[in-house]
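One structure below.
What follows is calculated from the coordinates using simple rules that are stated; it is not laboratory data. Everything numeric in this text was worked out from a predicted model, so none of it was measured.
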Amino acid sequence: MVYLIRIAAGCKRDGGGRASMGSEPDMLRLAERAGCRSLEMEALWSLITIIGPILLAVALIWAVIANRNRSPAQRERTERGTAELYDRIDREEKDRS
């Protein structure tokens, strides 16, 4: 991976196949300053940008389907709990004033 970062930073290889310019920390800093990324990092970001939205869509679809199948009793319980929570918050705010 360090070799890929060095290539991205513009280093030339010597005869042994190693980057000949600077130490490893220097090259990492140079690559960061130049805005260069390694091929591995670009591949990782490609996967994240493809898989991330797919996972988000699956989660949203699951949530919609799971909430559609609620019974009227479950919906009433949710509404009652929400109303109680709002009432409690209002009482606490009045007590502080």
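A few comments on the model shown:
- Potential lengthening of the chain between R75 and S46 amounts to 6.3 nm, from the contour at 0.36 nm per residue minus the alpha-carbon distance.
- Judged by the gyration tensor of its Cα atoms, with axes a ≥ b ≥ c, segment 48-97 is oblate; a/c meets the 1.5 cut and b/c is at least as large as a/b.
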